[in-house]
Amino acid sequence: MAFDGLIIADLVKELREKTIGGRITRIVQPEHDELILTIKTQDTLRLLMSADASLPLIYLTDLRKEAPSESPAFCMLLRKYIMGGKIKEILQPENERVIFMDIEHYDELGDLRVRRLIIEIMGKHSNIILCDDQGMIIDSIKRIPATVSSVREVLTGRPYFIAKTSEKLDPTVCDREKFISAVKSKNQAISKALYMSFNGISPLMANEFVFRAGLDEDIPAEDQPVGRLEALADVFVGCMEDLKNEKFDTCEVFKDGLPFEYAAFELTSLECLKGITLRKVESPSELLETFYMEKNLAERIRQRSATLRHSVSTIKERIVKKYELQLSQLRDTEKREKYKLYGELLCAYAHEIKVPGKSVTVYDYNTGEDISIPMDEELSTIDNSKMYFEKYRKMKRTFDALTGYIEKTKEDLDHIGSVALELDLATCEEDLIAIRRELEEAGYVKVAHTSGKGKKRPKKEESVPLHYVTSDGFHIYVGKNNYQNDELTFKFASGNDWWFHLKGAPGSHVILKTDGREASDRAMEQAAAVAAYYSSGRENVKAEVDYLERRNVKKPGGARPGFVVYYTNYSMVVKPSLDDVKRAEE
C-alpha cells in the first residue's frame, strides 16, 4: 500500500474543497494516537487523523467514535487553542507526506491568532503536531526527545522543521533535465533510483512511471536504451503537471476480489496481472476508509479462520491417508478372480491329480491354454481347491466392503475440499460460524457449547451470497458455503435459471438469474468464468464448467449440504475470471 506524497496531494485537494472556511466544533481523542475533528461547513464533516506507527492515516469519514471519559492532555490542549477555530488553509510542502492545516483562532485576550496543525504520515515516525504562528512547537501527540531521535526533537518550544534524512528533490518543480540528471546520479535500478531521488514517490508509483515509459525497471539509468530516459522524463513530468493542476485519476486495485493497492494515478502496470481489477474513485477519503476497512476485515477474518483452517487441514490429511490405505487394500483384492479360477480348475481336475507337488499344470478351458497353479504339498488337491475358494470368498467380502467404504471416503474428501474452499470465500464472522456449524454437523469437530444456562447458538446467520452483474445486465449469485449453495439452488433459483459448477471438483454453486428472459451467450460465458473462479480450479489457465437449467439439478435424500446430482448437462471450457462482471451494489 502506498500512502505516498501523490495520494496525499489528492487528499489535500479534497480537504481544501470541503473544509476550508469550516469551523472546528468538536475534538476527541478516542485512541492515544488518534484524533477526530468535527468541522462545520454547510455540512458536518469529521476528519480522522491517526499517527499509529503501523497504519498512519488521515481522511474524511462518517464514522462516530465515543470520546474517552477522561480526555488526554493533547486533546485538551487542542480544545484550548483551536476549538471554534476557522480552517484558513491546507498545504502540502514539497510533495512530502505532511499536511499543514492553518487555523484562525481568537486567544484568551481576544486577539486573532493562526495555529498550524501538522499531520505527518511517515510510518513509525508519524506524528500530529501543533505549532504557533512563529513555527514553534506548542505540543504533539508524540513527544520525541533527543534521546529518541538525534535528527529532530519534537518538544514544546522547539522550532518545527521536516527532518531530511536524504537529499530528495521536490518532484513538482522538476523539469526533464533535472529528472534525467537525478536518476543518472544514482547507480541503482531505474525504478529505485526514481523513488530514491524524489519526495513522496513510492516504489509502486516509480514502477508505474517506468512501465508507462516502456523501460526495464531493474536496469540502471546509464544502461537504458538511447532515448528511453527522455520518454520516462516525459511521463514523470507530465504526471507532476497533472498533480499541480489537481488532475488525479485515483484508483483502487483488487486482487482476487480483495483490496490490494491504491494510487492517485491509474496503475496500468497491474492491469495485466491475474485476478486484478481496477476501480476508479472520486474521493480519496472514501478510498482510504473503505480500503483499510476491507483490508482490516479480510485480515481479521484470516486470523479468526486460522483455527478452522488448521482443523480442516488436519481432517483432510486424515481422510487422504484413510483413502490411500483403502485403495491399497482394494488393490490387494485384485487376485480374487484368479483364486476362484484356481479353485474351480483344481476341483475339475482333482481325479487326475493323484500326488500334488509344489505346483500342477492343468488345461484352462476359459483361455484354451495350460496354466500353472501353486500347491500346498501338505494338502490334497480338493483341500487346495477349498483353500483357494476360501481366499476368493475372503477377498470378495473385503472388495465389497471396501467399495462402499471408498465411496464414502471419497465423499468425505470432496466435502472437506469444499469446506476448505469455503474458508477462502469467507468475508465475515457469520461465514465462519456457518463453516464451523457444517463441520460440527458432519462430525468432524466437536460441537462448541455456549457458556451459561439457557444460552443457545443462533440458528440463522446473516451471511449472504456473492452477487455480480454481467456486462449485459444479468445477475449472478455465488454460494460462499454449502448451506448457501443449497439455499441458492433449491430455494432462490427458479427452474429456468441456469446452474453452473466446476466439473468433477469442489466449487461454489453459481446461479445465473434469467427472470424469464433468454440468457445471452455472453452472460453464460461470464457465469461459467465466475463458477471456475470460485472453485478449486481457480489457478488453472482453463477450467471445464458444467451448466444446465436449475430444474434438472437434484438433491438425493439425506445428502450432505451442497451435494447434488445431475445427468443432462452441457459443458464449456473457460478462463477462471471476474474481469467481465461487476460486483453488485447491495
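The values are calculated or read from the model by the stated rules, or taken from the named source; none is laboratory data. Keep in mind that this is a model prediction, so the values were computed, not measured. Cβ placement follows ideal geometry from the backbone for every residue including glycine, while neighbour counts extend to all protein chains displayed.
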message = Please determine whether any residue of region 129-147 is closer than 21 Å to residue 199 by Cα and either out of contact with any strand residue (DSSP E or B) (no Cβ under 7 Å at 6 or more places or on another chain) or not in a strand (DSSP E or B) (or both).
response = no
key: Scan of region 362-373 for residues that are touching a residue at least 24 places away in the same chain (Cβ under 8 Å) and either under 60 Å from the mean Cα position of the chain (by Cα) or exposed (fewer than 15 other Cβ atoms within 10 Å of the Cβ) (or both), ordered by number   = 366
ask   = Which is modelled with pLDDT of 90 or more and in contact with a helix residue (DSSP H, G or I) (Cβ under 9 Å, 6 or more places away or on another chain), of 484, 526?
value = 484
ask   = Limited to region 521-576, what total is found for residues that are surrounded by fewer than 15 Cβ atoms within 10 Å (Cβ to Cβ) and either closer than 20 Å to residue 468 by Cα or not aromatic (Phe, Trp, Tyr) (or both)?
value = 17
Residue in region 314-325 that is surrounded by the most Cβ atoms within 10 Å (Cβ to Cβ), counting only those that are of a type outside the set (D, E, K, R), in contact (Cβ under 8 Å) with a residue 12 or more places away in the chain and farther than 17 Å from residue 481 by Cβ = 319
inquiry  = Just the residues that are in a loop (DSSP other than H, G, I, E, B), more than 39 Å from the chain's Cα centre (by Cα) and over 27 Å from residue 201 (Cβ atoms), please, taken from region 148-164.
reply    = 153, 155, 156, 157, 158
inquiry  = Which count do you get for residues in region 395-409 that are over 15 Å from residue 328 (Cβ atoms) and out of contact with any helix residue (DSSP H, G or I) (no Cβ under 7 Å at 6 or more places or on another chain)?
reply    = 5
query = Quick one: is residue 294 of a type in the set (Asp, Glu) and farther than 23 Å from residue 200 by Cα?
reply = yes
message = If I filter region 382-397 down to residues being crowded, with 16+ Cβ neighbours inside 10 Å and not small (Gly, Ala, Ser), which single residue comes out as nearest to the chain's Cα centre (by Cα)?
response = 395
request  = With the condition kept exactly as written, say whether any residue in region 120-131 is within 41 Å of the chain's Cα centre (by Cα) and closer than 14 Å to residue 37 by Cβ.
outcome  = yes
Of all residues making up region 211-257, the number that are farther than 27 Å from residue 289 by Cβ and without any contact (Cβ under 8 Å) to a residue 60 or more places away in the chain = 27
request  = Go through 277, 333 for me and flag whichever is assigned to a strand (DSSP E or B), in contact (Cβ under 8 Å) with a residue 12 or more places away in the chain and out of contact with any Leu (no Cβ under 6 Å at 6 or more places or on another chain).
outcome  = 277
ask   = (1) at pLDDT below 90; (2) under 31 Å from the mean Cα position of the chain (by Cα): which one isn't true of residue 224, the others all being true?
value = (2)
ask   = With respect to residue 244, is the statement that it is among the charged types (D, E, K, R), over 30 Å from residue 427 (Cα atoms), crowded, with 18+ Cβ neighbours inside 10 Å and in contact with a Ser or Thr (Cβ under 9 Å, 6 or more places away or on another chain) true?
value = no
inquiry  = Any residue at all in region 272-287 that's among the hydroxyl-bearing types (Ser, Thr, Tyr), modelled with pLDDT of 90 or more and surrounded by 13 or more Cβ atoms within 10 Å (Cβ to Cβ)?
reply    = yes
request  = Would you confirm whether any residue within region 149-161 is crowded, with 20+ Cβ neighbours inside 10 Å, of a type in the set (A, V, I, L, M, F, W, C) and assigned by TED's automatic domain parsing to the domain that holds residue 251?
outcome  = no
task = Write out, first by first residue and then by second, each pair whose Cβ atoms fall under 6 Å of each other, whose residues are 6+ apart or on separate chains, and whose first residue, in region 38-67, is more than 21 Å from residue 129 (Cβ to Cβ) while the second is among the polar types (S, T, N, Q) and surrounded by fewer than 17 Cβ atoms within 10 Å (Cβ to Cβ).
result = 40/25
message = I want to confirm something. Restricting to region 540-586 and keeping residues that are of a type in the set (Asp, Glu) and in contact (Cβ under 8 Å) with a residue 12 or more places away in the chain, which single residue is nearest to residue 424 (Cα to Cα)?
response = 579
